[in-house]
1. Among the residues of the stretch 51-69, write down those that are modelled with pLDDT under 85 and either more than 21 Å from K25 (Cα to Cα) or surrounded by 13 or more Cβ atoms within 10 Å (Cβ to Cβ) (or both).
2. In this structure, is Y75 within 24 Å of F87 (Cβ to Cβ), surrounded by 11 or more Cβ atoms within 10 Å (Cβ to Cβ), under 13 Å from the mean Cα position of the chain (by Cα) and at pLDDT 75 or above?
3. For the stretch 80-94, give me each residue that is in a loop (DSSP other than H, G, I, E, B) and loosely packed, with under 10 Cβ neighbours inside 10 Å.
4. For the structure I just gave you, tell me whether I28 is of a type outside the set (S, T, Y), at pLDDT below 80 and surrounded by 10 or more Cβ atoms within 10 Å (Cβ to Cβ).
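The values are calculated or read from the model by the stated rules, or taken from the named source; none is laboratory data. These figures come from a predicted structure and were not determined experimentally. Cβ coordinates were reconstructed from backbone atoms using ideal geometry, including for glycine residues, and neighbour counts include every protein chain displayed.
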Amino acid sequence: MIPVEGKDDFFGNNSLWILEIETKKSPIYLFLVGESTIQDFCMTVQKNEPLNIFDEIGFFNWGSQTLIFYNPDSYQDICIEEKNTYFAGDCIFK
């Protein structure tokens with residue numbers, strides 16, 4: 001877990017959390033973006049806390065975006081199209 005806090009305080013606590021998720025393959029990186037006009041992300045888990053699929057890790061105060069970075073060579077079964085929007089529960093596997 002790497003917190004990156006913004007210096008401007010226009011609309012709440014601007015923030016960016018970077019999570020490195022260890023897997024049996026190469027790691028996955030999850031960027032939780034709390035934009036200045038959207039509010040921040042409130043983390044509810046601790047660093048190195050074991051998690052299961054669909055465990056809550058936190059919440060946005062109002063809304064924002066999440067970015068997932070992964071090595072496509074390690075995760076060839078993930079089927080994500082560019083410039084598409086996905087929501088919790090959407091299937092992204094072949």
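1. I57, G58, F59, F60, N61, W62, G63, S64, Q65, T66, I68, listed by residue number.
2. no
3. Answer for the stretch 80-94, where residues must be in a loop (DSSP other than H, G, I, E, B) and loosely packed, with under 10 Cβ neighbours inside 10 Å: E81, E82, K83, N84, T85, F87, A88, G89, D90, C91, K94.
4. Taking the combined requirement at face value, the residue does not satisfy it.
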